[in-house]
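S.K.: Let me give you the structure first, and then I'll get to my questions.
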Amino acid sequence: MAHAYTPGLRVTKQAVIRKRRILPLKGEVMVKVGDLVYAETVVAKTQLPGAVSIVSIMGPLGCEANEVPSLMLKKPGDRVEQNEVIAEARPLFAFLKFLTGQVHSPITGYLEKVSDVTGQVILREPPQPVIMKAYIEGNVIEVHPEEGVTVETTATFIQGIFGVGGETIGEIAVAVDGPSVELKPEHIKPEHKGKVVVGGSYVGIEAIKRGIEVGVAGIISGGMSDHDLKSLLGKDLGVAITGHEDIGLTLLITEGFGHIEMAGRTFSLLKEREGLRASISGATQIRAGVIRPEIIVSLTKELLAGTNEVVTKTEDGVKGGDPVRIIREPNFGKLGRVKRLIPELMVMESEIKVRVMEVTLADGTDFIVPRANVEIIED
Amino acid sequence: MFKKNDPDLKVILATDCGSTTTKAILIEKIGDEYRQTYRGEAPTTVEAPFEDVTKGVLNSIQEIEDLSGRTFLEGEEIIHPSRPDGTGCDVYISTSSAGGGLQMMVAGVVKQMTAESAERAALGAGAIVMDVLAINDKRLPHERIEIIRTLRPDMILLAGGTDGGDVSKVIQMGEQISAADPRPRLGISYQLPIIFAGNVEAREKVKETLGGKFALTITSNIRPTLEQENPWEARQKIQDLFEEHVMAQAPGYNKLIDWCSAPIMPTPAAVGLIIRTIAEKEGINVIGVDIGGATTDIFSYFRVEGKGIYNRSVSANLGLSYSVSNVMAEAGMANVMRWASFDIEEEDLKNRIKNKMIRPTTIPHLLDELIIEQGLAREALRLAFIQHKELAVGLKGIQQQRDIADAFNQEATGATLIKMMELDLLVGSGGVLSHAPRRSQAMMMLIDAFQPEGTTRLAVDSIFMMPHLGVLTSVHETAATEVFDKDCIIYLGTCFAPRGDGRPGDRAMSYRIELETGQTLEGEMSFGEIKLFPYGLDDKGLPLRGTALISPARGLDMGQGKGRAVKGEVYGGVVGIVLDARGRPIRFAQNRQDRVSQLESWTKAFNAYPERKGGM
């Protein structure tokens with residue numbers, strides 16, 4: 001039988017993390033298997049073909065398309081400078097040279113193609129370099145020829161539920177006293193510049209703006225509001241596909257929308273790693289091939305010493321005693337433990353008939369909830 | 001090897017590899033009829049850590065094995081053809097939308113003509129159209145090139161020019177595609193497939209421009225003349241290339257292709273095929289809708305001057321989980337809230353919708369949450385239907401005089417082909433409709449969103465098996481249509497709704513319905529009212545029948561003109577007969593209190609919800 005899948009986000013003190021760092025198109029790999037790389041190390045690079053300009057020759061020179069090749073002063077592959085004459089139509093007689101028609105290049109780059117069908121030429125700007133950084137500190141364990149590498153590290157690994165903004169790196173700084181405290185503008189100090197600032201239950205737009213002003217690398221919070229997200233992005237986010245926003249920092253929420261206390265384990269792990277460098281990414285893709293935002297803190301030898309614990313999360317499904325969070329109304333955001341899994345289908349208030357479980361909430365009350373409406377959290 | 005339409009075919013196994021779930025069904029010949037007997041499902045395994053679609057397929061088939069007691073698997077292989085010992089199946093077929101389905105860009109010369117024809121062809125083949133490019137799309141060439149480069153489609157369909165017409169414009173578009181040099185989404189090192197379906201005289205130049213750099217396929221012109229649209233060959237090529245190129249790049253698909261007795265079809269293409277088959281077989285006009293978590297697909301088949309015209313649209317960001325936040329953004333809060341008869345803080349509701357977006361698998365526990373979700377469904381369906389009507393227009397298969405100047409000047413290529421008064425059957429599919437706790441909720445959602453006019457039958461797909469049946473039509477049409485009638489479709493009933501507006505309380509129509517059971521329903525309806533008469537199925541599970549005489553008031557039309565009575569057949573269903581005198585379009589009260597009373601009376605007429613236990 002196919003088993004029920006109860007989603008859960010990884011919050012792991014120590015795990016082996018592997019990251020594939022692949023270029024968008026083929027290029028050159030700069031490192032080899034076994035190399036130690038830092039987050040900023042360039043592991044692969046390539047050249048992105050430059051932007052294209054299409055210039056009509058036929059129109060300005062008043063000729064037919066098939067005459068264009070003969071009027072070109074440059075041929076495919078030739079370099080061109082901005083404003084350089086690339087095509088010219090001379091009159092039949094020299095004394096009419098004032099009638100000479102010319103076409104100038106609008107860009108500096110190369111002539112790529114001359115078309116005798118459309119009477120146009122294609123000019124291309126010089127290629128732009130694209131680099132791929134390691135993003136995490138670790139060892140190169142595999143080279144994908146001409147494409148990139150896989151980097152492996154042992155790290156503290158925390159997944160958020162939603163984020164905006166791309167990959168960044170910064171030292172972790174916990175700015176609030178506990179997971180239930182809202183991160184306010186006054187918590188963010190000038191010394192947080194370049195750091196990943198950790199809040200508690202909520203972050204409002206004023207605190208985010210303060211973070212941008214100070215120049216923090218990222219903010220991590222339990223919750224935020226839909227309204228503030230809209231203000232931050234300047235538009236309503238219709239689909240959760242993020243990671244390319246240019247908002248001045250990377251924002252990562254761990255629990256959801258609204259005021260929601262950050263899970264105790266997440267907060268205490270971040271507190272424990274305070275002062276260490278974290279690689280964070282807000283990239284979220286909630287579709288097939290789900291991508292969640294992440295915090296990766298590569299662990300030094302000293303931190304690894306004394307323990308061989310390497311936790312690998314398994315998708316065993318939920319069982320009695322597991323700590324869970326309720327992820328839909330009623331009791332949204334509340335924590336509890338699974339009291340028992342009820343095998344029979346049950347009818348909810350909405351009359352939907354579903355598989356359920358009984359959860360004992362933190363205040364001691366028992367609550368029957370659809371299995372789809374809980375997620376496992378880690379102790 | 002099996003024969004097409006082989007009467008000896010007894011055991012058919014079919015899977016649909018969706019983005020998140022792989023669904024398997026078993027169809028067996030029992031006596032003289034084909035029936036769907038068992039169903040299994042398992043998470044799709046295209047993505048890491050499995051990266052092999054066949055694992056999910058095997059898991060879903062394993063579930064059928066557990067339920068049916070029949071063995072289909074031998075190790076990691078499907079046994080087919082079946083063996084004398086009663087193991088295996090005669091045919092195994094599959095559809096797929098895993099890994100994001102088929103994502104295409106289309107290009108033409110004139111936006112309203114060849115580009116629009118190309119868009120319809122791609123959609124009809126089951127693709128998601130990422131962008132439509134045309135020489136007159138008001139973008140500069142470098143902007144177009146940038147878009148082509150950024151979007152990374154699976155395939156490009158290039159149309160343009162009528163046969164014997166101008167060559168330069170389509171070559172211009174080809175040059176821009178070549179300059180952009182787009183990389184395929186899947187597989188860094190394979191050539192991007194491009195289908196050229198334009199002016200036959202441009203073929204050699206197109207080969208010069210695009211051949212070598214891309215996997216170029218040339219097919220017949222999609223728009224050979226201004227008055228003709230010819231999408232069939234291009235559609236077929238798209239589907240062939242989908243399997244040969246795109247699917248072959250996705251993890252595990254080579255193995256799956258080998259297992260299948262027929263080509264793997266994109267899921268929406270298969271749904272379209274079964275809808276088309278049913279419409280043609282019954283001689284009716286049909287609209288089908290599949291509302292999912294991320295997208296809403298609408299399929300229509302309408303007869304125009306005796307010729308059937310099939311259209312499909314996909315609203316890529318209208319769905320009830322992944323895209324639910326976009327439904328709210330596009331519909332507007334007021335439109336979502338008009339379906340709720342209780343108060344809720346706007347900020348709270350928005351946060352809840354965002355939380356559904358980021359945790360898309362959760363389900364409504366509370367009644368109010370269900371009501372909100374069904375309100376969002378109405379809006380998603382309404383918006384998707386608007387998009388469908390805008391696409392299902394124009395020249396397809398009909399002769400129409402128009403010159404190129406008209407096409408440049410017009411916003412769209414003519415009137416929509418979707419005539420609600422002529423619609424015979426509306427079929428809903430997707431979790432919110434197929435699994436609504438009460439069938440009357442599904443019927444209400446369909447009526448509210450699509451607002452059928454005149455006489456229309458409504459149905460839902462019981463367990464989302466239309467994709468399986470669609471691909472089955474390519475192997476065994478009889479089996480597909482029999483299962484469609486007996487196991488796939490659940491008839492909800494018939495809706496009678498006059499078109500037009502009126503004043504609340506004024507007479508809207510009178511009715512006299514003689515039922516097969518001998519009972520007669522007779523009465524008058526006031527404008528704004530809606531009534532439901534339960535009228536179900538016979539012993540064989542087929543809808544009970546009857547005849548109805550509906551006489552609309554002077555300003556209202558039931559299909560024969562304003563004020564003119566219509567007489568026709570009525571079919572029962574698991575919900576019954578609906579008399580809807582709310583007008584078309586449905587008129588909502590302006591005042592909040594009145595609107596709430598209105599909603600309460602409508603839902604009460606349908607017995608749609610249990611009594612609410614206080615607010616949220």
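Each reported figure results from applying straightforward, stated rules to the coordinates on display, with no laboratory input. The structure presented is a predicted model; accordingly, all values stated were derived computationally and were not measured. Here Cβ is always computed from backbone atoms with ideal geometry, including for glycine, and neighbour counts include all displayed protein chains.
S.K.: Please identify the longest segment of chain B free of exposed chymotrypsin sites (Phe, Trp or Tyr not before Pro), where exposed means a DSSP state other than H, G, I, E or B and no more than 14 other Cβ atoms within 10 Å.
M.R.: Numbers: sites that count: B:Y190, B:F588.
The segment B:191-587 is the longest one with no such site.
S.K.: Report, ordered by chain and residue number, the lysines lying within cross-link reach of B:K350, taken as a straight Cα distance under 23 Å and ignoring same-chain residues fewer than 8 apart.
M.R.: Counting by Cα, and skipping residues close in sequence, B:K350 has these lysines nearby: A:K184, A:K209, A:K230, A:K235, A:K334, B:K613.
S.K.: Turning to a different aspect of this structure: Count the DSSP beta bridges whose two residues both fall in the range B:11-98, then state the antiparallel fraction as a percent rounded to the nearest 5.
M.R.: 75
S.K.: What value in Å³ per residue do you get for the convex hull of the alpha-carbon atoms in the range A:83-194?
M.R.: Given the Cα convex hull of the range A:83-194, per-residue volume reads 289 Å³.
S.K.: Enumerate the lysines that B:K237 could reach by cross-link, defined here as Cα to Cα under 24 Å, with residues fewer than 8 away along the same chain left out.
M.R.: B:K3, B:K4, B:K111, B:K169, B:K205, B:K207, B:K213, B:K255, B:K307, B:K396
S.K.: Counting C-alpha atoms alone, how compact is the range A:56-124: give Rg to one decimal and Dmax as a whole number, in angstrom.
M.R.: Gyration radius and largest Cα-Cα distance of the range A:56-124: 11.7, 36 Å.
S.K.: Check which residues have an amide H placed less than 5 Å from B:V304's amide H, if you skip close sequence neighbours.
M.R.: Those qualifying (amide H under 5 Å, at least 5 residues apart or on another chain) are B:I309.
S.K.: Looking at A:M58, A:V374, A:L92, which one has the Cα that reaches farthest to the positive end of the dipole of chain A (charges on Cβ: Lys, Arg +1; Asp, Glu -1)?
M.R.: Result: A:L92, furthest along the dipole toward the positive end.
S.K.: Tell me, Kirkwood radius of the range A:323-376 from alpha-carbon pair distances, in Å?
M.R.: On the way: mean 1/r = 0.0916 Å⁻¹.
The Cα-based Kirkwood calculation yields 10.9 Å.
S.K.: What list of ³J(HN,Hα) couplings, whole Hz, do you get for the range A:72-80 from phi and the Karplus terms 6.51, -1.76, 1.60, once you set θ to phi - 60° and write x for glycine and proline?
M.R.: 7, 8, 10, 10, x, x, 5, 7, 10
S.K.: Which value, in debye to the nearest 20, describes the size of the charge dipole of the range A:323-376 about its Cα centre when Lys and Arg Cβ atoms bear +1, Asp and Glu Cβ atoms bear -1, and nothing else is charged? Intermediate values should be presented prior to the final figure.
M.R.: Numbers: 9 positive and 8 negative charges, 47 e Å.
The dipole of the range A:323-376 has a size of about 220 debye.
S.K.: Got a sec to turn the phi values of the range B:244-253 into Karplus ³J(HN,Hα) couplings, 6.51 cos²θ - 1.76 cosθ + 1.60 with θ = phi - 60°, whole Hz, x for Gly and Pro?
M.R.: Along the range B:244-253, the couplings run 5, 9, 6, 4, 4, 7, 7, x, x, 6 Hz.
S.K.: Further question on the same structure: Counting just the Cα atoms, what span does the range B:11-98 cover along each of its three principal axes? Round to the nearest Å and put the largest first.
M.R.: Here the Cα extents, ordered largest to smallest, are 43, 25, 19 Å.
S.K.: If each DSSP helix of 4+ residues adds -39,500 (n - 2.57) and the sum is divided by the residues in chain B, what number results at 222 nm, nearest 500 deg cm²/dmol? Write down the numbers at each step before the final one.
M.R.: Working: 18 runs with 193 residues, N = 616.
Rounded to the nearest 500, the figure is -9500 deg cm²/dmol.
S.K.: Another question, then. Report Rg (one decimal) and Dmax (nearest whole number) for the protein assembly as shown, counting Cα atoms only, units Å.
M.R.: 30.7, 103
S.K.: Ordered by residue, what ³J(HN,Hα) values in Hz, to whole numbers, does the range B:73-79 give under the Karplus form 6.51 cos²θ - 1.76 cosθ + 1.60, where θ = phi - 60° and Gly and Pro are x?
M.R.: Working through the residues one at a time gives 10, 10, x, 10, 10, 8, 7 Hz.
S.K.: Another one. Cross-link list B:K281/B:K486; A:K26/A:K74; A:K13/A:K301: which exceed 21 angstrom alpha carbon to alpha carbon? Please report the intermediate quantities before stating the final value.
M.R.: Details: B:K281/B:K486 15 Å; A:K26/A:K74 29 Å; A:K13/A:K301 15 Å.
From the list (B:K281/B:K486; A:K26/A:K74; A:K13/A:K301), the Cα-Cα distance tops 21 Å for A:K26/A:K74.
S.K.: Of chain B, which part is the longest with no GluC sites (Glu not before Pro) in a loop (DSSP not H, G, I, E, B) and with at most 15 other C-beta atoms within 10 angstrom? Could you put the intermediate results ahead of the total?
M.R.: Numbers: sites that count: B:E51, B:E76, B:E227, B:E305, B:E345, B:E411, B:E516, B:E611.
That gives B:77-226 as the longest site-free run.
S.K.: Please identify the DSSP H helices in chain B that span no less than 15 Å along the helix axis (Cα) and have a mean Kyte-Doolittle hydropathy of -0.5 or more.
M.R.: Numbers: long enough: B:53-68 (23 Å, 0.06); B:141-151 (16 Å, -0.38); B:168-180 (18 Å, 0.18); B:267-282 (23 Å, 0.51); B:346-358 (18 Å, -1.46); B:367-391 (36 Å, 0.14); B:439-450 (17 Å, 0.67); B:592-606 (21 Å, -1.17).
Qualifying helices, which must be both long enough and hydrophobic enough, are B:53-68, B:141-151, B:168-180, B:267-282, B:367-391, B:439-450.
S.K.: Enumerate the amide H contacts of A:G160 below 5 Å, restricted to partners 5 or more residues apart or on another chain; note that Pro and chain-start residues carry no placed amide H.
M.R.: A:E294, A:I295
S.K.: Long-range amide H contacts for B:D131: which residues qualify at under 5 Å (H placed 1.01 Å from N, peptide plane, sequence gap of 5 or more or a different chain)?
M.R.: B:V106
S.K.: Something else now. At 222 nm, what value in deg cm²/dmol follows for chain A if DSSP H runs of at least 4 each add -39500 (n - 2.57) and the sum is divided by all its residues, to the nearest 500? Mind showing how you got there, number by number?
M.R.: Values: 6 runs with 39 residues, N = 379.
Computed ellipticity for chain A at 222 nm equals -2500 deg cm²/dmol.
S.K.: Across 10 Å bins from 0, what is the distribution of all Cα-Cα pair distances for the range A:161-292, in whole percents?
M.R.: 14, 49, 33, 4, 0
S.K.: Same structure, new question: For every other residue with a beta carbon closer than 14 angstrom to the beta carbon of B:V471, add +1 if it is Lys or Arg and -1 if Asp or Glu, then tell me the sum. Walk me through the intermediate numbers first.
M.R.: Values: positive: B:K4, B:K23, B:R276; negative: B:D16, B:E243, B:E477.
Once all neighbours under 14 Å are counted, the net charge is 0.
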